[in-house]
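As structure tokens, the structure follows; a few thoughts come after it.
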Amino acid sequence: MGPETKKAATAGPEIEAVAETVSRVRAEISKAIVGQSEVVEGVLIALMAGGHVLLEGVPGLGKTMLVRTLAQTLALKYSRIQFTPDLMPADVIGTTVIHENGDGGKMLRFQPGPLFANLLLADEINRTTPKTQSALLEAMQEKQVTVGGVTHPLDEPFLVIATQNPLEMEGTYPLPEAQLDRFLFKLRVPFPQRAELNEILDRTTQTNEVVVHAVLNGHEIMNLRQIVRSVPVAPHVQDYVVQLVLATHPESAPNSAAAKYIRYGSSPRGAQTLILGGKVRALLEGRYNVSIEDVQALLLAALRHRIILNFEAHADGRTADDLLEEIASKVRKN
Amino acid sequence: MLSTKSDLRDSALDDTIGVVRRRVVTNRWIGLWLLCTNGLLALLLVALALLESLRTPFIAGAVLLFVAAIATGITAWYTRPSVYGLAQRLDRASDLGDRVSTAVHFWSAPQPNEIILRQRGDALAHLAKVQPREVFPVHLPSKMWRTWTLLGVLAALVAYHAAFGPPIPQLKQKAAQSRALATLVSPLTRALEFARAEKKELTSLIAGTDREKEATEAEKPLELPPTGQPTDAAQMNAKASTFDMAQAMQAAGENGMPQSKSSSPLQPGQQAASPSSSQSSDASANEPGQEASAQNQQSMAQRAMQAIQNLMNGALAGQQQANSQQQNGAQQSTEAATGMQSMSGAAQAANSPNQGAQGQTSNSQGSQNQALPSPGKHTGAGNGTSPWQPHASSDPQLAGNTTKEHVELQTTGFRGAPGKDRSDVGAGTAQVPMQNVAPQTVTTVNGAGQDSVPPRYRQYVQDYFQHGEK
């Protein structure tokens with residue numbers, strides 16, 4: 001029995017348990033969160049793919065509660081930062097303070113900020129200044145922070161779930177493109193349906209208290225991430241992803257909608273997101289390979305914040321979502 | 001990427017892909033062969049339309065059809081999709097989520113890991129549920145109706161060929177016959193055109209002649225030229241017709257027949273257009289002194305139109321008969337006049353409706369020309385020599401319904417003092433108020449006087465500050 005066979009044998013039960021584990025997480029989250037199945041699935045896919053999520057929705061839709069429930073379900077260290085205009089970068093990543101030891105000597109010691117957690121809720125991230133927003137850049141991409149010339153690695157898994165309000169733009173600072181690109185998905189939190197709203201009222205206006213159990217830990221999450229990366233992708237599926245990303249660039253097709261309404265197309269991170277997210281979704285669907293349907297299902301969440309529209313698009317009322325759907329309808333699936 | 005059969009190790013996958021391959025190749029072969037068949041059928045139609053023989057085109061077509069079947073079969077086999085392409089088709093047709101194509105692609109991996117082995121097993125498990133013969137049936141192409149149409153046309157052409165022979169040579173023969181017929185007809189056509197031109201010229205000549213002079217000539221006894229005198233055939237026909245009509249109408253008046261009745265089949269338009277003419281006609285029956293002048297006035301237009309008809313006939317006859325008929329022109333005109341005299345006015349109108357209709361039209365035009373001023377007299381408007389008079393002024397019934405067609409403009413003193421209205425114009429003339437318009441001062445509040453900003457840009461800025469988002 002070779003090493004590959006050993007590895008396959010050890011990974012066997014875990015592969016079978018992926019879909020079951022994720023379904024248990026979903027069940028626990030659904031105890032506290034009513035509806036929002038697409039948002040929950042998107043957050044779980046981002047968690048297993050190792051990416052961050054930007055949630056966009058009006059206040060009161062349960063964004064913060066979703067993240068808190070997810071942290072309880074995953075038994076992860078959870079912290080929350082309420083972003084305000086006067087928030088400083090040191091308030092996020094931490095600072096160096098003078099520490100007095102037992103001998104009476106004094107030394108500088110790094111006091112970690114709320115960023116040092118497994119699950120970080122950056123609430124209303126667009127209310128803080130770009131200086132503080134950019135403090136998250138290194139942490140989100142490199143999973144480490146550098147303070148005073150010293151680099152401090154963050155604990156794995158590290159997941160940032162940021163929220164922003166699409167209505168109130170007064171006194172906000174829209175996220176720069178570089179930071180938007182670091183989010184794996186941008187998920188829109190819809191308003192609940194009638195039945196869901198009734199269910200929310202039943203749960204939140206009565207005396208019964210919801211208890212959420214932890215069904216997954218950080219170590220298992222890291223194992224799941226390894227399994228996800230081993231899911232095979234057929235060449236024509238990968239080529240379809242490449243075609244999609246290239247089609248978002250205006251120079252790719254001069255007469256297309258992309259050329260008319262898009263100023264800048266998606267970065268290569270968009271293609272990586274589609275493949276990685278497709279792998280997770282395939283496992284959640286009980287499949288061991290990525291299909292074109294997986295890519296299409298994640299197209300909007302993965303690329304809507306990675307394309308920059310021009311003035312014509314704003315003037316004509318075109319959104320990134322309908323442009324992406326139009327692009328996807330014209331890309332050949334081989 | 002796998003492309004050969006030996007790379008597949010699993011018999012189920014191999015069998016399924018093999019079935020799909022055969023079905024795809026067969027369908028492709030059928031499509032190509034039917035395409036060639038359509039071309040051959042078109043060629044066969046052309047051959048049957050041209051050739052006398054039926055056997056030769058059919059034998060050649062059958063041979064070509066057989067050769068095309070072999071060639072398209074070879075082409076379809078050598079252009080068959082790869083195993084990976086077949087797997088993709090199977091995935092799409094069976095909604096397998098790219099399982100088979102992924103399994104085929106990773107089948108030849110040297111050391112497959114656990115998830116690849118699981119993926120392969122998953123693909124085979126789903127493949128077992130697929131019936132490739134149902135998913136990929138052998139079917140005729142969707143454009144098979146072209147072949148059926150061509151076959152239908154071919155059957156009809158074969159039936160026609162068996163009954164009448166090849167159609168194209170027959171069409172050629174008919175075309176040659178039609179050309180010969182056109183060669184024969186063309187002189188007649190030219191002669192008819194010549195007669196029409198003569199008629200037009202004569203009509204304009206008659207319209208320009210003085211009316212009183214014509215009345216005087218009508219009262220004179222007709223003098224037939226002596227027989228054998230060389231005269232123009234057209235003039236002879238015109239005079240003969242004039243004599244004929246005068247004699248006929250005089251005879252009708254002497255027999256006590258009302259003139260209006262005898263002329264009613266010929267001249268309904270005349271009676272309707274000029275009631276005074278019919279009144280004079282009725283009065284002529286009671287007053288013999290006025291009868292001659294009324295008949296003369298009424299028969300003038302008839303004589304003119306009859307002269308036109310005779311002139312046309314004479315011109316045609318003159319074209320067909322050359323110099324010999326010119327020498328006997330007087331005799332022919334006498335014979336024509338004699339023939340015309342034998343017919344009364346009513347019988348003439350009944351037996352020759354074309355001439356009657358033409359006479360009617362001519363008479364009505366003549367009456368209109370008498371009632372209304374001639375357009376030629378007023379077409380010189382603008383030269384300033386004679387003032388233009390509207391048509392309505394001559395017709396009292398229409399005068400009340402018309403409006404002024406021009407207004408005199410008084411151009412003197414057109415430019416008045418600035419800021420003052422022009423008030424020194426006479427009553428009934430056009431008044432054009434002239435006043436200088438100075439730009440009005442506009443009070444501008446902050447942000448209010450920006451109408452020149454494009455609406456789309458304003459909307460964009462408004463949306464940006466209200467609902468700005470990435």
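The values are calculated or read from the model by the stated rules, or taken from the named source; none is laboratory data. These numbers come from a predicted model, not from an experiment. Neighbour counts are summed over all protein chains in view; Cβ atoms, including those assigned to glycine, are modelled from backbone coordinates with ideal geometry.
Quick look at the numbers
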read-out	value
Filtered residues of region A:128-173 (kept if farther than 24 Å from A:ALA271 by Cα and within 14 Å of chain B (Cβ to nearest Cβ))	A:PRO130, A:GLN133, A:GLN164, A:ASN165, A:PRO166, A:LEU167, A:GLU168, A:MET169, A:GLU170, A:GLY171, A:THR172, A:TYR173
For A:SER266: the one exception among (1) more than 14 Å from chain B (Cβ to nearest Cβ); (2) touching a residue at least 40 places away in the same chain (Cβ under 8 Å)	(1)
Some residue of region A:255-263 being more than 30 Å from B:GLN119 (Cβ to Cβ), aliphatic (A, V, I, L, M) and within 14 Å of chain B (Cβ to nearest Cβ)	yes
Some residue of region A:201-212 being part of a helix (DSSP H, G or I), among the basic types (Lys, Arg), more than 26 Å from the chain's Cα centre (by Cα) and surrounded by fewer than 18 Cβ atoms within 10 Å (Cβ to Cβ)	yes
Any hit, region B:51-64, residues being aliphatic (A, V, I, L, M), at the interface with chain A (Cβ under 10 Å from one of its Cβ atoms) and assigned to a helix (DSSP H, G or I)	no
Filter result for B:ARG118 (within 13 Å of another protein chain (Cβ to nearest Cβ), assigned to a helix (DSSP H, G or I), of a type in the set (Lys, Arg) and in contact (Cβ under 8 Å) with a residue 40 or more places away in the chain)	no
Region B:38-74, residues that are within 19 Å of B:THR147 (Cα to Cα) and in contact (Cβ under 8 Å) with a residue 60 or more places away in the chain	B:ASN38, B:LEU41, B:ALA42, B:LEU44, B:LEU45, B:LEU48, B:ALA49
Cβ-Cβ under 7 Å pairs, at least 6 apart or on other chains, region B:95-114 side more than 7 Å from chain A (Cβ to nearest Cβ), far side part of a loop (DSSP other than H, G, I, E, B) and buried (at least 17 other Cβ atoms within 10 Å of the Cβ)	B:VAL104/B:LEU2; B:TRP107/B:LEU2; B:TRP107/B:LEU8; B:SER108/B:LEU2; B:PRO112/B:PHE106
Test: B:GLU193 is loosely packed, with under 14 Cβ neighbours inside 10 Å, modelled with pLDDT under 70 and out of contact with any helix residue (DSSP H, G or I) (no Cβ under 7 Å at 6 or more places or on another chain)	no
Condition met for A:THR95 (touching a strand residue (DSSP E or B) at 6+ places or on another chain (Cβ under 7 Å), among the hydroxyl-bearing types (Ser, Thr, Tyr) and in the same structural domain as A:THR64 (by TED's automatic domain parsing))	yes
Among (1) in a helix (DSSP H, G or I); (2) under 16 Å from the mean Cα position of the chain (by Cα); (3) under 29 Å from A:VAL150 (Cβ atoms), the one test that A:ILE45 misses	(3)
All positions within region A:231-242 that are part of a helix (DSSP H, G or I), out of contact with any strand residue (DSSP E or B) (no Cβ under 7 Å at 6 or more places or on another chain) and within 7 Å of chain B (Cβ to nearest Cβ)	A:PRO235, A:HIS236
Hits in region B:65-89 (condition: under 10 Å from B:ARG21 (Cβ atoms) and not small (Gly, Ala, Ser))	B:TRP77, B:ARG80, B:PRO81, B:VAL83, B:LEU86, B:ARG89
Residue satisfying condition, being small (Gly, Ala, Ser), in contact (Cβ under 8 Å) with a residue 12 or more places away in the chain and farther than 28 Å from A:LEU303 by Cβ, within set A:GLY51, A:GLY113, A:GLY104	A:GLY113
Residue that is nearest to the chain's Cα centre (by Cα), among those in region B:121-132 that are more than 10 Å from B:LEU13 (Cα to Cα) and facing chain A (nearest Cβ under 9 Å)	B:ASP122
Residues (among the charged types (D, E, K, R), at pLDDT below 80 and surrounded by 15 or more Cβ atoms within 10 Å (Cβ to Cβ)) located in region A:11-30	A:GLU14
Among (1) under 23 Å from the mean Cα position of the chain (by Cα); (2) assigned to a loop (DSSP other than H, G, I, E, B); (3) closer than 30 Å to A:GLU28 by Cα - the single one A:VAL228 does not satisfy	(2)
Selection within region A:106-141 - charged (D, E, K, R), within 30 Å of A:ASN223 (Cα to Cα) and modelled with pLDDT under 85	A:GLU138
Residue in region A:311-319 that is under 24 Å from A:VAL40 (Cα atoms), modelled with pLDDT under 90, surrounded by fewer than 22 Cβ atoms within 10 Å (Cβ to Cβ) and within 12 Å of chain B (Cβ to nearest Cβ) present	yes
Search result, residues across region A:286-303 that are surrounded by 16 or more Cβ atoms within 10 Å (Cβ to Cβ), within 9 Å of chain B (Cβ to nearest Cβ) and not aliphatic (A, V, I, L, M)	A:ARG287, A:TYR288, A:ASN289, A:SER291, A:GLU293, A:ASP294
Wholly enclosed strands (runs of 3 or more DSSP E) of region A:52-162 bearing at least 2 residues in contact with a helix residue (DSSP H, G or I) (Cβ under 7 Å, 6 or more places away or on another chain)	A:52-56, A:78-82, A:119-123, A:144-147
Filter result for A:GLY278 (part of a helix (DSSP H, G or I), out of contact with any Phe, Trp or Tyr (no Cβ under 7 Å at 6 or more places or on another chain), away from chain B (no Cβ under 14 Å) and modelled with pLDDT of 90 or more)	no
